């Protein structure tokens, strides 16, 4: 069992942004990348962020400047949305995905992890090259095993 006083965070390689405003800031930062790999298992993100995704984030994310690969739970809604995203935005569906109010967004130089826990939502931006490479490799492996 970890004790809180033993945990140390290297703030040069991991930044924690608390609350809905911190999460919005973290997502806005992801939009600076030319390509993103995303694992979105959240279904109730709007409980924390309101209309942020549909109103601000998605129009830029799915615009012409960013290429995406997304792993989403296999639901009828996600299947329908996947068909509308276009050539620059690939989707693979994860059958039997466990419910998790979390996201992971990977770019070339960082990984953004998001917890939509309504009691204490936060985003963690990781820039440690080893962790970024490891999480990218895990994404690629999962991507390769999922159906189109």
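The values are calculated or read from the model by the stated rules, or taken from the named source; none is laboratory data. What you see is a predicted model; the values in this text were computed from it and never measured. Positions of Cβ are backbone-derived with ideal geometry, glycine not excepted, and every protein chain shown enters the neighbour counts.
Only one of (1) under 17 Å from the mean Cα position of the chain (by Cα); (2) surrounded by 12 or more Cβ atoms within 10 Å (Cβ to Cβ); (3) over 23 Å from residue 136 (Cβ atoms); (4) without any contact (Cβ under 8 Å) to a residue 24 or more places away in the chain is not met by residue 59, so which one is it?
Just one mismatch for residue 59, condition (2).
Give just the number: which of (1) farther than 24 Å from residue 20 by Cα; (2) modelled with pLDDT of 95 or more does residue 115 not satisfy?
(1)
Please go through (1) under 11 Å from the mean Cα position of the chain (by Cα); (2) over 15 Å from residue 21 (Cα atoms); (3) in contact (Cβ under 8 Å) with a residue 60 or more places away in the chain for residue 108 and return the number of the only condition it doesn't satisfy.
Result: residue 108 passes all but (1).
Given the conditions (1) within 19 Å of residue 125 (Cα to Cα); (2) free of Cβ contacts under 8 Å to residues at least 40 places away in the same chain; (3) part of a helix (DSSP H, G or I), and given that residue 70 satisfies all but one, which numbered condition is not satisfied?
Residue 70 satisfies all of (1) within 19 Å of residue 125 (Cα to Cα); (2) free of Cβ contacts under 8 Å to residues at least 40 places away in the same chain; (3) part of a helix (DSSP H, G or I) except (3).
Please go through the range 16-33 and pick out each residue that is within 15 Å of the chain's Cα centre (by Cα) and loosely packed, with under 13 Cβ neighbours inside 10 Å.
Passing the criteria: only 32.
For residues that are in contact (Cβ under 8 Å) with a residue 24 or more places away in the chain and part of a helix (DSSP H, G or I), tally how many sit in the range 29-52.
6
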